[in-house]
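Participant: Okay, handing you the structure first.
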Amino acid sequence: MASIAKELAFKSYPFIRIFEDGTVERIPFPYSSYVPPSPDRDAETGVYSKDITISDNPKILARLFLPNLPQNQTQKLSILVYFHGGAFCMASTFSFLHQRYLNRLVSEAKVLAVSVEYRLAPENPLPIAYEDCWAALQWVASHSIHKGSSDGNKETCLLNYGDFDRVYIGGDSAGGNIAHNLVMKAGVEGLCGGVKILGAFLSCPYFWGSKPIGSEPKGENFEKTLPYLVWDFVYPSAPGGIDNPMVNPAGEGAPSLTGLGCSKLLVCVAGKDELRDRGVQYYDLVKESGWKGELELFEVEGEDHCFHVSLGIEAKTDQTETTTENVKKMFKRLASFLV
């Protein structure tokens, strides 16, 4: 009965089905198909990419992206550790959608990016995704103290091109939630080699709670919203349920945001996104906490959830001229942040 209830709870979510025997079926959504990396460089952006193994047990994979650089360039690059969205239960860094998105972001920002392929719920319920992403971030940081590529499981591109004084993390939707929780953890535990997170961006971040705020639906309709339902689906054992601090930083008992372990924070929201008010609330919470870093709220009006990821594909013919310009603005802001 429990599995049936979960299936019914997700009946409005067309991309995943849970059957009575526990079988999980993911239905491909637009541009979700697997694509290989581009070791010979992407034809459009010139970005080089390769797949890497961060850990064999547990199995944590990632895709590394390196921009097209002048042959005589000696200056090292900012490092971005990126976490994709997908409600913790869908999507992949190896998809066409995220390959195009990271190619464009890396090309414009001129950063070295490591996009983490964390394990998905419900087969691997939270906090496993947080643990995978933390392990990946620590693995990246470990390169700061290992100068030889033959020293263990080390990646030559990070050793040769990465500037460990300019480490960033970021993500969209669920990935933005992951970025928040990892920067909080870094503020308490620190990173390998004493590496500091210079900045973090949270784009259309997934936060929620047991009570509606702003323009969110009221009454029974609130508990039928996807952001409300998805948390129990991906983290059924979460203490406090939907008011757990990992999804509700405004909830009772949540740690102070003064502990954010980075120097710069960019919160991006979209005007039509149902998560918009939570993103603004998060910005206000950080501002009111007394956190000493640089804080910015960047809002793109008239756009929906993660528009720059799902609509930042030139092959799509149905996006309006306004959306195309807004996508450009979003990429420009992200690129200027990652310096």
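The values are calculated or read from the model by the stated rules, or taken from the named source; none is laboratory data. All values derive from a computational prediction rather than experimental measurement. Here the Cβ positions follow ideal geometry from the backbone for every residue, glycine too, while neighbour counts run over all protein chains shown. For accessibility, only protein heavy atoms count, side chains too; no ligands or nucleic acids. Shrake-Rupley method; radii C 1.70, N 1.55, O 1.52, S 1.80 Å.
Participant: Note the per residue figure in Å³ for the convex hull of the C-alpha positions in segment 181-339. Please report the intermediate quantities before stating the final value.
Facilitator: Details: hull volume 23.2 nm³, N = 159.
Residue-normalised Cα hull volume stands at 146 Å³.
Participant: By average Cβ neighbour count within 10 Å, what is the ranking of 15-24, 123-132 from highest down?
Facilitator: Details: 15-24: 13.3, 123-132: 18.7.
Those peptides, ordered most packed to least, come out 123-132, 15-24.
Participant: While we're looking at this one, here's another question. For the chain, what does the helix formula give at 222 nm: sum of -39500 (n - 2.57) over DSSP H segments with n ≥ 4, over the residue count, nearest 500 deg cm²/dmol? Walk me through the numbers before you get to the answer.
Facilitator: Working: 9 runs with 103 residues, N = 339.
Rounded to the nearest 500, the figure is -9500 deg cm²/dmol.
Participant: How much FRET efficiency would the formula 1/(1 + (r/R0)^6) give for Glu20 and Leu159, where r is the Cβ-Cβ distance and R0 is 56 Å, rounded to 0.05? Present the calculation step by step, with values, prior to reporting the outcome.
Facilitator: Details: r = 50 Å, r/R0 = 0.89.
E(calc), rounded to 0.05, equals 0.65.
Participant: Relative contact order for segment 196-309 using alpha-carbon pairs under 8 Å, separation at least 6, rounded to a whole percent?
Facilitator: Numbers: 184 pairs, mean separation 38.6, N = 114.
Taking the mean separation of contacting Cα pairs over the length of segment 196-309, I get 34 percent.
Participant: Could you please state, rounded to a whole Å, how far the C-alpha centre of segment 71-141 is from the C-alpha centre of segment 227-281?
Facilitator: Between the Cα centres of segment 71-141 and segment 227-281 lies a distance of 20 Å.
Participant: Counting other Cβ atoms within 10 Å of each Cβ, which trypsin sites (Lys or Arg not before Pro) in segment 170-245 have at most 11 and sit in a DSSP loop?
Facilitator: Details: sites: Lys185, Lys196, Lys218, Lys224; in loops: Lys196, Lys218.
Listed in order of number, the matching sites are Lys218.
Participant: Over the chain, one equal point on each Cα, no solvent: what is log10 I(q)/I(0) by the Debye formula at q = 0.15 Å⁻¹?
Facilitator: -1.36
Participant: Something else now. Report the GluC sites (Glu not before Pro) located in segment 217-269 that are in a DSSP loop and have at most 13 other Cβ atoms inside 10 Å of their Cβ, or state none. Provide the component values of the computation, followed by the final result.
Facilitator: Values: sites: Glu220, Glu223, Glu252; in loops: Glu252.
Of the GluC sites (Glu not before Pro), the ones in loops of segment 217-269 whose Cβ has at most 13 other Cβ atoms within 10 Å are Glu252.
Participant: Rounded to the nearest whole Å², what accessible area per residue is found for the chain with the 1.4 Å probe? All intermediate terms of the calculation are to be shown ahead of the outcome.
Facilitator: Working: 14910 Å² over 339 residues.
That works out to 44 Å² per residue.
Participant: Could you sort out which of Lys76/Lys328; Lys218/Lys292; Lys272/Lys292; Lys154/Lys196; Lys211/Lys292; Lys211/Lys332 sit more than 27 Å apart by Cα distance in this structure? Present the calculation step by step, with values, prior to reporting the outcome.
Facilitator: Working: Lys76/Lys328 25 Å; Lys218/Lys292 35 Å; Lys272/Lys292 30 Å; Lys154/Lys196 19 Å; Lys211/Lys292 29 Å; Lys211/Lys332 35 Å.
Correct reply: Lys218/Lys292; Lys272/Lys292; Lys211/Lys292; Lys211/Lys332.
Participant: Something else about it: Counting only the backbone N, which residues of segment 258-301 are under 20 Å from the spot 7 Å out from the Cα of Cys192 toward its beta-carbon?
Facilitator: Correct set: 261-262.
Participant: While we're here: Quick check on segment 1-142: what does the Kirkwood estimate of hydrodynamic radius come out to from the alpha carbon pairs, in Å?
Facilitator: Values: mean 1/r = 0.0604 Å⁻¹.
This gives a value of 16.5 Å.
Participant: Starting from the residue with the highest accessible area, list Trp139, Trp208 in decreasing order, probe 1.4 Å. The partial results should precede the final answer.
Facilitator: Details: Trp139 25, Trp208 0 Å².
Per-residue accessible area, sorted high to low, gives Trp139, Trp208.
Participant: Net charge near Arg166: determine it from the other residues with C-beta under 11 Å of the C-beta of Arg166, scoring Lys and Arg +1 and Asp and Glu -1. Don't skip to the end; give the middle numbers.
Facilitator: Values: positive: Lys76, Lys196, Lys264; negative: Asp163, Asp165.
So the surrounding residues net to +1.
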